[in-house]
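Student: Please find one structure pasted underneath; my questions will follow.
The values are calculated or read from the model by the stated rules, or taken from the named source; none is laboratory data. Just so it is clear, the model here is predicted, and its values are computed rather than measured. Ideal geometry is used to build each Cβ from the backbone, glycine not excepted, and the neighbour counts take in all protein chains shown.
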């Protein structure tokens, strides 16, 4: 059988060299014979003896060489197996289904006395199943897994055996599965612990602001003001001392602090208890002290962490204060903000914003105004107010309006029928390309989220963007704005615009239709001046009333017809009471013109039921499910809707589900309420 075996490669060439030399000697013998026959004959004898000796040695030693090679191969394979067994890295070979067929000693040590041969790897480590195996030859999969409290870095490789011929294969593998999967495990438990410890030692920058410093000081006697400040300082310093933090007071109402990241995690677990503790500071002040906290993380520099903290504190203040905002790169997390904050009576901010708006409008050729999709009366009225501001500065202005809802239609038709207003006062999203120029200005009202605007593409076309909104800011707010006025204390966007118009220009003239539109926006968002109304709300309404707003006309417009009234009653009567405190109802009448509006009205009606803390009405519209959430003062529906991707106010909020599965949407709302109750957020 050994005679049938052929040598290959360099060994075969090495064995053939004597035969090649014999051919050369034979050629030389012929050449000598031609010169001298006697010398040629003598050399021929020696050449013949050489050829016979070479042939004998080749065929005789070939068998011995093959025997030695087989012995070497056997010893080499055994030695290789010993080396793999003693390899300090756990190593195993598996079939394509994850069944272990071979492993070394260190691999067995991981699993102790457990038998692993012919067992499936996923029986021991569930994360290492067939779904994570490499799908192509030569491909590797690297992932982190845990087993009995230890962390391992697992490397899976796919090794093909297609290149082996049938005589070289030991196992007959099915076609298409001619490969093995190898696994190496590296214990990185200690490394992970050191990394976590190092990460925990990093410093986190933060800022603490007293939201209502001036208001609190005014609510206490002057002789006690210094004592109140001292108590607040002591409360902040004691809180930071618990977490081994360094805190310094920068201004009368501002603090800067630094804590270790691991201590921050403890603060986060307790949801920044200082927010509630500060409210307990009372020496006769009629108004509780509220704080805002902003913290920033950055793996780059501490300076960047501080900048992130400044962005976070600005966001906390823009959302109404009394909360902590954590900014980690693009991720933003909110804590607190459960209670409604007291609005500030000063109009300084409104005057400053009005002056800034006037400066921007003066430098532009035209103004394009837009609100949110499926515009309501507040969005429409605020847009009309900005339109009037642009007209006052003798600038061309347009309002982007796509869907005309039933609540907006009476006002919209009044403007369209009036000869006082141009035909292009209202334009569609599809037409904005014809109006936008290099010197155009875009003003967004009643929303600060780009995806909710009438025309998100318009934000990319314009270089100058201004935002006026009364909703709390979220993660995805409009960026690159030259002027942003977010006032969560305001009852409506119309209230904000009405305030600014008073400072926009001397003796500004507002028409009756414009005043009616803005007054209607305030009335709708406050539910006939019953929700979220403050001194400034009534002052804005009085300003509009002086400019010709007709209260009776607005009230008549908002009267319901009989079909709407019946549908609203149907929604209320079919409402489900969840946990004895939350009303959940569905508006499923697809024949209604504006079902989302009646859904919002039904949500308000449900709050009139005794014992109901919050109401949620779901409406299917245009391939989505719209949720209107309402509350009086016991539940913050804004943070509930924020968990579901929406937002709004503490007692008026909403969200959208990108599907039409009503059962799934209701289930998600219930799960969110349950989770927030367990976590203490409600």
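Student: What's the number of the only condition in (1) in contact with a strand residue (DSSP E or B) (Cβ under 6 Å, 6 or more places away or on another chain); (2) crowded, with 21+ Cβ neighbours inside 10 Å that residue 650 fails to meet?
Tutor: (1)
Student: Ok, one more. Checking residue 209 against (1) touching a strand residue (DSSP E or B) at 6+ places or on another chain (Cβ under 7 Å); (2) part of a helix (DSSP H, G or I), only one condition comes out false. Which one?
Tutor: Against the list (1) touching a strand residue (DSSP E or B) at 6+ places or on another chain (Cβ under 7 Å); (2) part of a helix (DSSP H, G or I), residue 209 comes up short only on (2).
Student: Let me ask something additional. For the range 173-225, give me each residue that is modelled with pLDDT under 80 and either farther than 30 Å from residue 120 by Cα or surrounded by fewer than 14 Cβ atoms within 10 Å (Cβ to Cβ) (or both).
Tutor: 174, 175, 176, 177, 195, 196, 197, 198, 199, 200, 201
Residue-by-condition table, conditions (1) modelled with pLDDT of 90 or more; (2) assigned by TED's automatic domain parsing to the domain that holds residue 485; (3) not in a strand (DSSP E or B):
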{"site": "411", "(1), (2), (3)": "yes, yes, yes"}
{"site": "416", "(1), (2), (3)": "yes, yes, yes"}
{"site": "420", "(1), (2), (3)": "yes, yes, yes"}
{"site": "442", "(1), (2), (3)": "yes, yes, no"}
{"site": "448", "(1), (2), (3)": "no, yes, yes"}
{"site": "451", "(1), (2), (3)": "no, yes, yes"}
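Student: Provide a single number: the residues in the range 454-477 that are under 17 Å from residue 381 (Cα atoms) and either free of Cβ contacts under 8 Å to residues at least 40 places away in the same chain or assigned to a loop (DSSP other than H, G, I, E, B) (or both).
Tutor: Adding up the residues that qualify gives 5.
Student: Any residue in the range 108-130 that's under 15 Å from residue 149 (Cα atoms) and outside the structural domain of residue 154 (by TED's automatic domain parsing): show its pairings with residues that are at pLDDT 80 or above and surrounded by 14 or more Cβ atoms within 10 Å (Cβ to Cβ) at Cβ separation under 8 Å, as long as the two are six or more apart or on different chains.
Tutor: That search, which allows pairs on different chains as well, returns nothing.
Student: Is it true that some residue in the range 592-612 is under 21 Å from residue 376 (Cβ atoms) and either assigned to a strand (DSSP E or B) or assigned by TED's automatic domain parsing to the domain that holds residue 450 (or both)?
Tutor: No; the residues of the range 592-612 include none that is under 21 Å from residue 376 (Cβ atoms) and either assigned to a strand (DSSP E or B) or assigned by TED's automatic domain parsing to the domain that holds residue 450 (or both).
Student: In this structure, does residue 589 turn out to be out of contact with any helix residue (DSSP H, G or I) (no Cβ under 9 Å at 6 or more places or on another chain), touching a residue at least 12 places away in the same chain (Cβ under 8 Å) and surrounded by fewer than 19 Cβ atoms within 10 Å (Cβ to Cβ)? It would help to see each step written out before you state the result.
Tutor: Values: out of contact with any helix residue (DSSP H, G or I) (no Cβ under 9 Å at 6 or more places or on another chain): no; touching a residue at least 12 places away in the same chain (Cβ under 8 Å): yes; surrounded by fewer than 19 Cβ atoms within 10 Å (Cβ to Cβ): yes.
Judged against the criteria, residue 589 is not a match.
Student: If you don't mind, there's one more thing I want to ask. Restricting to the range 466-477, and then to whatever is in contact with a helix residue (DSSP H, G or I) (Cβ under 8 Å, 6 or more places away or on another chain) and surrounded by 22 or more Cβ atoms within 10 Å (Cβ to Cβ), can you tell me which residue is farthest from residue 333 (Cα to Cα)?
Tutor: 466
Student: A follow-up question, please. Mind checking whether some residue in the range 478-489 is in a helix (DSSP H, G or I) and crowded, with 19+ Cβ neighbours inside 10 Å? Please lay out each step first, then the result.
Tutor: Filtering the range 478-489 for residues in a helix (DSSP H, G or I) gives none.
Looking for residues that are in a helix (DSSP H, G or I) and crowded, with 19+ Cβ neighbours inside 10 Å, one finds none in the range 478-489, hence no.
Student: Report whether or not residue 331 is touching a helix residue (DSSP H, G or I) at 6+ places or on another chain (Cβ under 9 Å) and within 28 Å of residue 650 (Cβ to Cβ). Working first, answer last.
Tutor: Working: touching a helix residue (DSSP H, G or I) at 6+ places or on another chain (Cβ under 9 Å): no; within 28 Å of residue 650 (Cβ to Cβ): yes.
No: the conditions fail for residue 331.
Student: For residue 87, indicate whether it is within 30 Å of residue 186 (Cα to Cα), at pLDDT below 80 and touching a helix residue (DSSP H, G or I) at 6+ places or on another chain (Cβ under 8 Å).
Tutor: On the way: within 30 Å of residue 186 (Cα to Cα): yes; at pLDDT below 80: yes; touching a helix residue (DSSP H, G or I) at 6+ places or on another chain (Cβ under 8 Å): yes.
In short, yes.
Student: Which of (1) at pLDDT 90 or above; (2) out of contact with any strand residue (DSSP E or B) (no Cβ under 9 Å at 6 or more places or on another chain) is the odd one out, the single condition residue 622 does not satisfy?
Tutor: With respect to (1) at pLDDT 90 or above; (2) out of contact with any strand residue (DSSP E or B) (no Cβ under 9 Å at 6 or more places or on another chain), residue 622 is out only on (1).
Student: Please state which one of 548, 623, 599 is surrounded by 21 or more Cβ atoms within 10 Å (Cβ to Cβ) and closer than 29 Å to residue 410 by Cβ. Working first, answer last.
Tutor: On the way: 548 fails: surrounded by 21 or more Cβ atoms within 10 Å (Cβ to Cβ); 623 fails: surrounded by 21 or more Cβ atoms within 10 Å (Cβ to Cβ).
Of 548, 623, 599, the one residue that is surrounded by 21 or more Cβ atoms within 10 Å (Cβ to Cβ) and closer than 29 Å to residue 410 by Cβ is 599.
Student: Report yes if residue 155 is surrounded by 11 or more Cβ atoms within 10 Å (Cβ to Cβ) and either touching a helix residue (DSSP H, G or I) at 6+ places or on another chain (Cβ under 9 Å) or modelled with pLDDT of 80 or more (or both), otherwise no.
Tutor: Values: surrounded by 11 or more Cβ atoms within 10 Å (Cβ to Cβ): yes; either touching a helix residue (DSSP H, G or I) at 6+ places or on another chain (Cβ under 9 Å) or modelled with pLDDT of 80 or more (or both): yes.
Here the answer is yes, as residue 155 does meet what is asked.
Student: For the range 226-266, what are the residues that are touching a strand residue (DSSP E or B) at 6+ places or on another chain (Cβ under 7 Å), in a strand (DSSP E or B) and at pLDDT 90 or above?
Tutor: Within the range 226-266, 246, 247, 248, 249, 250, 254, 255, 256, 257, 258, 259 qualify.
Student: Can you tell me which residue is farthest from residue 387 (Cα to Cα) among those in the range 406-423 that are in contact (Cβ under 8 Å) with a residue 40 or more places away in the chain and surrounded by fewer than 18 Cβ atoms within 10 Å (Cβ to Cβ)? Show your work before the answer.
Tutor: Within the range 406-423, the subset in contact (Cβ under 8 Å) with a residue 40 or more places away in the chain is 406-407, 410-411, 414-415, 418, 420.
Narrowing further to those that are surrounded by fewer than 18 Cβ atoms within 10 Å (Cβ to Cβ): 406, 410, 414, 418, 420.
Values: 406: 22, 410: 18, 414: 15, 418: 15, 420: 13 Å.
By that ranking, first place goes to 406.
Student: Another question about this same structure. Which condition breaks for residue 409 when tested against (1) in contact with a helix residue (DSSP H, G or I) (Cβ under 8 Å, 6 or more places away or on another chain); (2) over 20 Å from residue 464 (Cβ atoms)?
Tutor: (1)
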